Amino acid sequence: MRIKLTILLMLLLTALSGFGKVYSLWPYGRGKSSGGSGSGGGAGSVSEIPAILGAIPLWTEPVIINGVKTELGLNLLNTGLAKCVFQLRTLFPKAKFRANSGSLLLEIKLANGWRRRCYLVSLPGAIYPVIMFTMDVPDKFPKKDFWPRNLPLPSGAVATEAMQFPNRNSAYGGFYVKAPKAQVVKEMTGALGSRGWTAVTGEGTSSAGSGEFFYKNNPKSVCIMSLSEDGKGVTRGTLYTRPLE
């Protein structure tokens, strides 16, 4: 279950660089926006949000985002998404909201200048119909010197975001580079290969390759690389790596 949730979180956060279109914790993605300055502006306390919604805490763990240490919380809710939305809008009328038919993103500005983001996802038919991610993020993230040391970058690439999960020894990163996708696939496959990674699918040797799945035996680990070209000579990519044991 934790593996699936890590991948889900990875998808939620890929919108940071602007090329991800997934609804995210950071920053805002698709959906309808409402709300004022971002402060709660209501009767509820930010720290009480899980209790207000009757949440069942599942776990919390440290996360390092662009070099900034924060914490990810995961809660299960036994009430439907519509009721959660109503409660949060009532208690925090000035907060920022993004909502669609299956999810809600709430952002409240904290006294220290950071922002608390709660991402609620509807799980129709599940025992607990809503899952909620919580995370505090700074107003601005560092824009350089945050790339994980265990992940290579193509020549001339600009890192856009990076997440590290210390408790799992896993990492995720996004970048862009002004180079053809085929060139990036080849270079990255070689760079990872020199670090002990073995390409599994063979896309690294194909001019049409858009990514690759890598395996390392010592320690047993996997790495997933995904690439896309925008038609203007810019390739954007992501890397995700985690141990198998």
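Any read-out appearing in this document is the output of simple, stated calculations on the displayed coordinates, not a laboratory observation. Because the structure is predicted, anything quoted here is derived from the model rather than measured. No Cβ is skipped: glycine too gets one built from the backbone with ideal geometry, and neighbour counts run over all protein chains shown.
In the neighborhood of Phe175, defined by Cβ-to-Cβ distances under 10 Å, what is the net charge if each Lys or Arg adds +1 and each Asp or Glu adds -1? Walk me through the numbers on the way to the answer.
On the way: positive: Arg236; negative: Glu161.
Taking every other residue near Phe175 into account, the sum is 0.
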remark   = Each label sits 7 Å from Cα toward the beta-carbon; between Trp114 and Lys94 the label points are separated, in nm, by 2.1 nm
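Gain in length, Ile127 to Val68, computed as 0.36 nm per residue apart minus the alpha-carbon separation, to one decimal in nm?
Working: separation 59, 0.36 × 59 = 21.24 nm, distance 3.47 nm.
That works out to 17.8 nm of additional length.
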message = Whole angstrom only: what separates the Cα centroid of region 72-100 from the Cα centroid of region 147-216?
response = 37 Å
message = Using a 7 Å offset from the Cα along the Cα-to-Cβ direction at both Glu229 and Ser194, what is the distance between the two label points in nm, to one decimal?
response = 2.3 nm
request  = Please work out how many pairs of lysine residues in region 44-203 are eight or more positions apart (or on different chains) and have Cα atoms closer than 25 angstrom.
outcome  = 22
